[in-house]
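Working notes, structure below.
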Amino acid sequence: MPIELAEWLETPVGQYVRAWEQRQVDAMVSNAFGYHAIQLGLPHWDLLQANRIPYKVWAHSPSAPFGTRAGRLICEPEQLPFDSQSVDLLVMPHTLEWCNEPHQALREVERILMPEGRVVLTGFNPYSLWGLRESLPGLALQLPVPVPSQVSPSRLKDWFKLLSFELDRGRFGCYVPLCATSTWLQRWHFLEHAGDRWWPACGAVYAIAAVKRVTGMRLVGPAWRKGHRRRERREAVAPVANRVDDLGG
């Protein structure tokens, strides 16, 4: 992940986004259980802090800053160095926006997740007021991710369907105009509640959680045992009927 995003998250508007995403991800990962959890991207930012899974790894691409966190791993999202069905929780903060092949990265997520494993993604919403502003010609760009590289929630939902993911929950947030200073962010803060109520899909960022579902599984053991008991019961009833007839004679 390029360093520009990490630096942008330290600006006033970046901290505003970061605080909102932290709250959403904390709520989405708090009840995820298992043995292995991975955060892919932005290793200096702990988005696994609300989760109780014992083994955690913070992975990032070679171009990202190393930070100081333990459990670091350098890898590319399109080629994850983990065994198939070995991870219970995967958090990806803005990861798909910097992938050369975001759909392939999501395929890798499906490969390494356990059945019923959970993935949590955050990203910029290209259909927000921020995205509209960045698309207007002649204006200086203020977002670290260009609009063409942003992955919309609707595209994510389509990819989830193709990869047998089930959408668990999703939220839009950050309705304040794209401001450079904390003062103006505070002045426009009243739009946060209004936007969440009246135009929720226009939030500047989103957080989405999905669960990997495995289809086509059938348990044939209990049905076989049930039929076997039924046959035993019929065989046991016949001698009783014969004895009753003999007594009646």
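The values are calculated or read from the model by the stated rules, or taken from the named source; none is laboratory data. Keep in mind that what you see is a predicted model, and the values were worked out from it rather than measured. Because the Cβ atoms are built from the backbone with ideal geometry, glycine has one as well, and the counts that use them run over all protein chains shown. Just so you know, the surface numbers come from the protein's heavy atoms only, side chains and all, with ligands and any DNA or RNA stripped out. Shrake-Rupley method; radii C 1.70, N 1.55, O 1.52, S 1.80 Å.
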Out of (1) surrounded by fewer than 21 Cβ atoms within 10 Å (Cβ to Cβ); (2) under 17 Å from the mean Cα position of the chain (by Cα); (3) on the phi < 0 side of the Ramachandran plot; (4) in contact (Cβ under 8 Å) with a residue 60 or more places away in the chain, the one residue 116 does not meet is (3)
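Among the candidates 156, 132, single out the residue that is open to solvent by 50 Å² or more (accessible area, probe 1.4 Å) and assigned to a helix (DSSP H, G or I).
Numbers: 156 fails: open to solvent by 50 Å² or more (accessible area, probe 1.4 Å).
Residue meeting the stated conditions: 132.
For (1) of a type in the set (D, E, K, R); (2) modelled with pLDDT under 95, each residue gets a yes or a no:
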{"site": "62", "(1), (2)": "no, yes"}
{"site": "67", "(1), (2)": "no, yes"}
{"site": "77", "(1), (2)": "no, yes"}
{"site": "85", "(1), (2)": "no, no"}
{"site": "105", "(1), (2)": "no, no"}
{"site": "108", "(1), (2)": "yes, no"}
{"site": "111", "(1), (2)": "yes, no"}
{"site": "118", "(1), (2)": "yes, no"}
{"site": "122", "(1), (2)": "no, no"}
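Quick check, is residue 110 open to solvent by less than 60 Å² (accessible area, probe 1.4 Å), of a type in the set (D, E, K, R) and in contact (Cβ under 8 Å) with a residue 12 or more places away in the chain? Give the steps one after another, and end with the answer.
Numbers: open to solvent by less than 60 Å² (accessible area, probe 1.4 Å): yes; of a type in the set (D, E, K, R): yes; in contact (Cβ under 8 Å) with a residue 12 or more places away in the chain: yes.
Against the criterion (open to solvent by less than 60 Å² (accessible area, probe 1.4 Å), of a type in the set (D, E, K, R) and in contact (Cβ under 8 Å) with a residue 12 or more places away in the chain), residue 110 qualifies.
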Quick one: in the range 135-153, of everything that is part of a helix (DSSP H, G or I) and either out of contact with any strand residue (DSSP E or B) (no Cβ under 7 Å at 6 or more places or on another chain) or among the aromatic types (Phe, Trp, Tyr) (or both), which residue is most open to solvent (accessible area, probe 1.4 Å)?
148
Tell me the residue from 19, 37, 59 that is out of contact with any strand residue (DSSP E or B) (no Cβ under 8 Å at 6 or more places or on another chain) and open to solvent by less than 50 Å² (accessible area, probe 1.4 Å), please.
19
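Within the range 159-186, which residues are in a helix (DSSP H, G or I) and open to solvent by 30 Å² or more (accessible area, probe 1.4 Å)? If you could, list the steps in order and put the result at the bottom.
Here is the first cut: in the range 159-186, the ones in a helix (DSSP H, G or I) are 159-162, 182-186.
Those that are in a helix (DSSP H, G or I) and open to solvent by 30 Å² or more (accessible area, probe 1.4 Å): 159, 161, 162, 182, 183, 184, 186.
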Failed criterion for residue 101 (all others in (1) out of contact with any Asp or Glu (no Cβ under 7 Å at 6 or more places or on another chain); (2) more than 29 Å from residue 54 (Cα to Cα); (3) open to solvent by 70 Å² or more (accessible area, probe 1.4 Å) hold)
(1)
Qualifying positions in the range 1-16 - farther than 22 Å from residue 175 by Cβ and surrounded by 19 or more Cβ atoms within 10 Å (Cβ to Cβ)
1, 6
Do any residues in the range 76-90 that are aromatic (Phe, Trp, Tyr) have Cβ atoms under 7 Å from those of residues that are buried (at least 18 other Cβ atoms within 10 Å of the Cβ) and assigned to a loop (DSSP other than H, G, I, E, B), where the two are at least six apart or on different chains, and which pairs are they?
none
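Could you please find all residues in the range 79-95 being assigned to a loop (DSSP other than H, G, I, E, B) and open to solvent by 30 Å² or more (accessible area, probe 1.4 Å)? Write out each step before concluding.
So the first thing to find is which residues in the range 79-95 are assigned to a loop (DSSP other than H, G, I, E, B), and the list is 80-86, 94-95.
Within the range 79-95, 81, 82, 83, 84, 85, 86 qualify.
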Please give the number of the condition residue 169 fails out of (1) under 18 Å from the mean Cα position of the chain (by Cα); (2) farther than 17 Å from residue 213 by Cβ.
(2)
